[in-house]
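Here is the structure we will look at, set down as structure tokens.
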Amino acid sequence: MTTLATPRAGRHAAGTAAALALPAAATLLALMNYTAPMAALTETAHGLGAGPTARIWLMSSISLGLAAALLATGSLADDHGRRKVFVIGAALLAASSVACAVAPTTGVFVAGRIVQGAASAALLATGLGIIAAAFPPGPRRAHATGVWGAMLGLGIALGPIASAGFASAAGWRAWYWAAAAASAALGAVAARTLGESRADRPRGLDLPGLAAMSLGVAALVAAITWGRAGWTRPGVLVLLAAAAVLLTAFAVIEARRAEPMLDLGLFRRPAFLLSVSGALVTGLAVIGIMSYLATVMTLVLGLSPVVSALVLAIWSGLSFVAALQARRLPAGLPAGRLLGAGLALSAVGEFAMLGLAPDAHWWRLVPGLVVSGVGSGLANAMLARLAVESVPADRASMGSGANNTARYVGASIGVAVVGAIATGSGDGPSALAHGTDVAMLVSAVVALAGAGLAVAIRER
């Protein structure tokens, strides 16, 4: 009988190594691609003739595909095969990267980025499910989920740097050709080396729930993205109303189904609450402000995009290191307490970065970036562990999908809120520095509140 711990292809040393290496590589690639436009936005916008509103979509459109597809692809992978969905995701990422590389207009590029988001969702959600299938609960799984969480930080660090390097050498389109080649290679290796795993008892295709969830989250993220250009626009209000209706319908559908895509009873599990709420706070209070910080360093401190990306790499690089080392912490420490500690460190780091001014040196940010980076890495490692251990053993990809949906919805809201606060006082360097200070303070307070919530929720 096939079980989560013994996938059909058998579990030998090479297969176990591939079950960690390939999801880790996929997560690294997905996050590099997610952050790639940060350092080449001006060149990309100029090449596509994109105006100010269109630039928002150039940056944020991938979040729409990611958030909308994460839970759906995770559930499909559990039922129909994690390797299968992983390989399809890699192929789709390769094809959509080619579409971005040859895009003649902003519309084609944005469509390509949305599909890239959906493809990345398949890789992220199935990756943790593949790891959970290959590594039973215990120290080896803690190490494996820590490696997966570390790739989040490393991808954020390397994406803007690689994109800027490709743009300088061969133009902004070169990154997308490189991403297409890497995705194709990843899919080919996965098809040959990964063993297949799936749930022992498939739940069947929950088509109404899948449609309501995907469309509802897509409408919400689209409204948040478009709202950055004006929250009272009729289109934004319509999308927000549609999101409310669709997500309510999703809850009703899941409550009435015998075999739902997302069992709402999971929210009675403290560990699942920690997984989802912690990921949401991470997106809101950490990814939101850090995604905006490189732009602020360019506009306020006068740094080049490449130097700004390198300074930000202090945070994301330490996040990578901290997530890798999280496995060395005592096994008896509850993941919720460690998650709370990670969010608290992120808050302390953000408090330390307050006081940004046009005449400040970039060294002024380093202590805060160091502390926040360590906190982010610890939180990422714990969230990866909770994502697979807070759900039934055969629904690990769904657990990963729910966790990452919360993360990227939170990130979309966080980026929108930070942008609105930072630019609320004006566009000049002094006004932008003051607005960023306020946004940093708000993010720190939210992270601190999330830390308190994580400690308050007792795992059983």
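Available extension along the chain between residue 438 and residue 229 is 73.2 nm, counting 0.36 nm per residue and deducting the alpha carbon span.
So for region 23-158, taking the charge dipole from beta-carbon charges (+1 Lys/Arg, -1 Asp/Glu), which of 48, 128, 30 sits furthest toward the positive end? The residue sitting most towards the positive pole is 128. Rolling a 1.4 Å probe across the protein heavy atoms gives region 339-460 an accessible surface of 34 Å² per residue. The loop-placed chymotrypsin sites (Phe, Trp or Tyr not before Pro) in region 296-402, going by DSSP, include none that has at most 14 neighbouring Cβ atoms within 10 Å of its Cβ. Legend: P(r) of region 159-234 from all alpha carbon pair distances, 10 Å bins from 0, whole percents, reading 14, 17, 27, 30, 11, 0. One Cα centroid belongs to region 235-303, the other to region 63-122; the line between them spans 19 Å.
Extending 7 Å from Cα along the Cβ direction at residue 325 and again at residue 449 yields two label points whose distance is 3.2 nm.
Under the simplified labelling scheme, the residue 337-residue 211 pair shows an inter-label distance of 4.8 nm, with each label point 7 Å from Cα along Cα→Cβ. Within the chain, the whole DSSP H helices whose Cα atoms reach 24 Å or more along their own axis and whose mean Kyte-Doolittle score is at least 1.0 are 13-35, 82-102, 106-134, 207-227, 234-256, 305-325, 335-352, 366-389, 429-456.
Only one residue of 404, 417, 348 has its Cα farthest out toward the positive end of the dipole of region 323-430, where Lys and Arg carry +1 and Asp and Glu -1 on Cβ, and that residue is 404.
A straight chain from residue 245 to residue 427 at 0.36 nm per residue would run longer than the Cα-Cα distance by 61.9 nm. Overall size of region 83-199 from C-alpha positions, given as principal axis extents largest first: 48, 27, 23 Å.
Look at the alpha carbon pairs under 8 Å that are at least 6 residues apart: their mean separation over the length of the chain gives a relative contact order of 24 percent.
For region 236-296, rounded, prolate or oblate, judged on the Cα gyration tensor with a ≥ b ≥ c (square roots of eigenvalues), a/c < 1.5 rounded, else prolate if a/b > b/c? Taking the square roots of the gyration eigenvalues as a ≥ b ≥ c, region 236-296 is oblate. Note on residue 256 and residue 363: their simple-model spin labels are 6.5 nm apart, each label 7 Å out from Cα toward Cβ. Values (i) 61, 52, 41; (ii) 65, 49, 44; (iii) 65, 43, 42 are given for comparison; Cα extents along the principal axes in Å, derived from the coordinates here, is the one labelled (ii). Think of a 1.4 Å ball rolled over the protein heavy atoms: region 84-183 then has 29 Å² of accessible area per residue. Remark on region 304-398: hydrodynamic radius 14.5 angstrom, per the Kirkwood mean of 1/r across alpha carbon pairs.
Under 5 Å from the amide H of residue 303 lie the amide H atoms of 298, each residue being 5 or more positions distant or on a separate chain, with H modelled from the backbone and absent for Pro and chain starts. Ligands, DNA and RNA left out, the accessible area of region 95-212 computed with a 1.4 Å probe is 73% carbon and sulfur. Taking the protein heavy atoms of region 312-423 in the context of the full set of protein chains, the accessible area attributed to carbon and sulfur is 70 percent at 1.4 Å. The figure for residue 427 is an accessible area of roughly 140 square angstrom, using a 1.4 Å probe on the protein chains alone. Compared with the direct C-alpha span, the chain from residue 17 to residue 105 gains 27.5 nm at full extension, assuming 0.36 nm per residue. Taking a Cβ cut-off of under 14 Å around residue 221, the surrounding Lys, Arg, Asp and Glu residues balance to a net charge of +3, with basic ones at +1 and acidic ones at -1.
The values are calculated or read from the model by the stated rules, or taken from the named source; none is laboratory data. Just so you know, these numbers come straight off a predicted model, no measurement behind them. All Cβ positions, even for glycine, are placed from backbone atoms using ideal geometry, and neighbour counts span all protein chains on display. Ligands, DNA and RNA are stripped out before the accessible areas are found, and what is left, the full protein with its side chains, is counted by its heavy atoms. Shrake-Rupley method; radii C 1.70, N 1.55, O 1.52, S 1.80 Å.
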